[in-house]
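> My structure is below; once you've seen it, I'll send some questions.
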């Protein structure tokens, strides 16, 4: 009996050591990925507080002898041309991203609800046809959309970007919200209708509050996608007063020199709104992904 107990104990010890080994390997991997993600951001921030000479010297100086916020002051000063351009690009990006987000939510919410609750001819075909666009890289549609925007007279307007971003963001938004609506019991709406509510009232008073995490996740996805997009903004816009931030910050590059502190400061300030938005709303985003992706 003692031999059997000792064998079982050794087996449990080996299994425990194996589990602990995998657990520590996972922790080390996560730390490595965190450093891999965070170090470029840290280097960008450090470079943004360097002077022009310190940013270009080799080997690179990890921490500047005289840190300065001159690059940030220059970007936020509306009295100089660089500050005027940066603030204009910032507000252009904010306008395009906000309008795209609002329209994505307005279109995706009823579309996803219809796919989730109604039965109509071609329902499955239409749903998968919506997702079909995401099978192809966005650059494939660049030339056809350029021709379309030129025919519609939308070149050098923010409307061309809003329409394009709306088209690209809707498939995932509809898919995400549909999965979320599938998890809301239809009996709740039926009970509301028995009490005298119309279908629209049941949707507004019952379904919408319960689907708030999914709507917020859709909004975050749409905003980040529109805020960071470069290729279509670079193609559709050529007027300086219409440019968005991803295109506008390339003005820090020139033929002979590059203002690395200014470029890093602009890049860091461009990332701040997205990071703050995600940190504030991340619990809704994670909840929507977990509840909307799995059907109970």
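> Scan the helices (runs of 4 or more DSSP H) fully inside the stretch 51-154 and keep the ones with 1 or more residues being within 30 Å of residue 206 (Cβ to Cβ) and in the same structural domain as residue 165 (by TED's automatic domain parsing).
81-117, 123-132
> Sticking with this one: Any idea which of (1) under 21 Å from the mean Cα position of the chain (by Cα); (2) touching a residue at least 40 places away in the same chain (Cβ under 8 Å) is the one residue 137 doesn't satisfy?
Just one mismatch for residue 137, condition (2).
> Could you please let me know if residue 193 is farther than 24 Å from residue 212 by Cβ, surrounded by 12 or more Cβ atoms within 10 Å (Cβ to Cβ) and either in contact with a strand residue (DSSP E or B) (Cβ under 8 Å, 6 or more places away or on another chain) or without any contact (Cβ under 8 Å) to a residue 60 or more places away in the chain (or both)?
No; evaluated as a whole, the condition is false for this residue.
> A follow-up question, please. Restricting attention to the stretch 229-255, report how many residues are surrounded by fewer than 16 Cβ atoms within 10 Å (Cβ to Cβ) and under 13 Å from residue 97 (Cα atoms).
The number of residues fulfilling the criteria is 1.
> Could you check how many residues of the stretch 160-178 are out of contact with any helix residue (DSSP H, G or I) (no Cβ under 6 Å at 6 or more places or on another chain) and modelled with pLDDT of 90 or more?
Number satisfying all stated conditions: 1.
> Being assigned to a helix (DSSP H, G or I), touching a helix residue (DSSP H, G or I) at 6+ places or on another chain (Cβ under 7 Å) and either surrounded by fewer than 20 Cβ atoms within 10 Å (Cβ to Cβ) or outside the structural domain of residue 140 (by TED's automatic domain parsing) (or both) is the requirement here; does residue 269 meet it?
Details: assigned to a helix (DSSP H, G or I): yes; touching a helix residue (DSSP H, G or I) at 6+ places or on another chain (Cβ under 7 Å): yes; either surrounded by fewer than 20 Cβ atoms within 10 Å (Cβ to Cβ) or outside the structural domain of residue 140 (by TED's automatic domain parsing) (or both): yes.
For residue 269, the condition - assigned to a helix (DSSP H, G or I), touching a helix residue (DSSP H, G or I) at 6+ places or on another chain (Cβ under 7 Å) and either surrounded by fewer than 20 Cβ atoms within 10 Å (Cβ to Cβ) or outside the structural domain of residue 140 (by TED's automatic domain parsing) (or both) - is met.
> What number of residues within the stretch 156-173 satisfy the criterion of being over 17 Å from the mean Cα position of the chain (by Cα), in contact (Cβ under 8 Å) with a residue 24 or more places away in the chain and under 18 Å from residue 140 (Cα atoms)?
1
The values are calculated or read from the model by the stated rules, or taken from the named source; none is laboratory data. Note that this is a predicted model, so its numbers are computed, not measured. Virtual Cβ from ideal backbone geometry, glycine too; neighbours counted across all protein chains shown.
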